[in-house]
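Colleague: Mind looking over this structure? Questions follow.
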Amino acid sequence: MAHEMPGKPIQTILLVDDHEMVLRALHNYLEKRGYNVLEAHDGEEALLLAECFPDMINVLVTDLVLAKMNGRELARQLMPLRPEMQVIMMSGFPDEIMVQQELTPQIPILPKPFPPKRLWEAIEDVLANPQSGRTVANLAEPARLHNGTVVA
């Protein structure tokens, strides 16, 4: 559990990645910066955490490509549970990043690999400037490409 910093409430981050080393490194880094970090190895585990955790989860940080459920599908399934949660995505696949940026340009997407400080900066930004376009609720909506095509 993170220790509360003076004058700053503890924020909770749901961190989802199927690579253990990435998950551990980011978890440890964020926890040292005062965050309460819930970690999940896949979308199913993330859904269970979101359902059972009694307090607010401020930010979902998820890998776009996961073994059992991708990050977009995870956000869709989180909609009834945590619609107000801000979202940050990450991926090591440039094609996935390009598609997601086209679908949801307001959601920060971090290309892997990145230094943990870059994630911390993105989290600080979404917490300081929450936007409806960066929420789970927005991701759950069918996305439209610029040419009007709906993408599920």
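Colleague: Considering only region 53-61, I want to know if a residue exists there that is farther than 20 Å from A128 by Cα, of a type outside the set (S, T, N, Q) and not in a loop (DSSP other than H, G, I, E, B).
Modeller: No, because not a single residue in region 53-61 is farther than 20 Å from A128 by Cα, of a type outside the set (S, T, N, Q) and not in a loop (DSSP other than H, G, I, E, B).
Colleague: Right, here's the next one. Among the candidates E73, E44, which residue alone is under 19 Å from P108 (Cα atoms) and assigned to a helix (DSSP H, G or I)?
Modeller: None of the other options fit; the residue is E73.
Colleague: Mind checking which pairs have a first residue in region 94-120 that is touching a residue at least 12 places away in the same chain (Cβ under 8 Å) and a second that is open to solvent by 50 Å² or more (accessible area, probe 1.4 Å) and of a type in the set (K, R), Cβ under 7 Å, 6 or more apart or different chains?
Modeller: Within 7 Å, the pairs are L110/R118; W120/R33.
This table checks each residue for (1) touching a Lys or Arg at 6+ places or on another chain (Cβ under 7 Å); (2) open to solvent by less than 10 Å² (accessible area, probe 1.4 Å); (3) at pLDDT below 95.
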site	(1), (2), (3)
M1	no, no, yes
E4	no, no, yes
I10	no, no, yes
L14	no, yes, no
N28	no, no, no
Y35	no, yes, no
E39	no, no, no
L49	no, no, no
C52	no, no, no
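Colleague: Restricting the search to region 100-116, which residues are surrounded by 17 or more Cβ atoms within 10 Å (Cβ to Cβ) and either farther than 14 Å from G133 by Cβ or modelled with pLDDT of 95 or more (or both)?
Modeller: The answer is L110, and nothing else.
Colleague: Considering region 73-94 alone, what residues qualify as being open to solvent by 10 Å² or more (accessible area, probe 1.4 Å) and at pLDDT 85 or above?
Modeller: Once the filter is applied, which keeps residues that are open to solvent by 10 Å² or more (accessible area, probe 1.4 Å) and at pLDDT 85 or above, region 73-94 yields E73, R76, Q77, M79, P80, L81, R82, P83, E84, Q86, G92, F93.
The values are calculated or read from the model by the stated rules, or taken from the named source; none is laboratory data. Please read these numbers as outputs of a predicted model, since none were measured by experiment. Here Cβ is always computed from backbone atoms with ideal geometry, including for glycine, and neighbour counts include all displayed protein chains. For accessibility, only protein heavy atoms count, side chains too; no ligands or nucleic acids. Shrake-Rupley method; radii C 1.70, N 1.55, O 1.52, S 1.80 Å.
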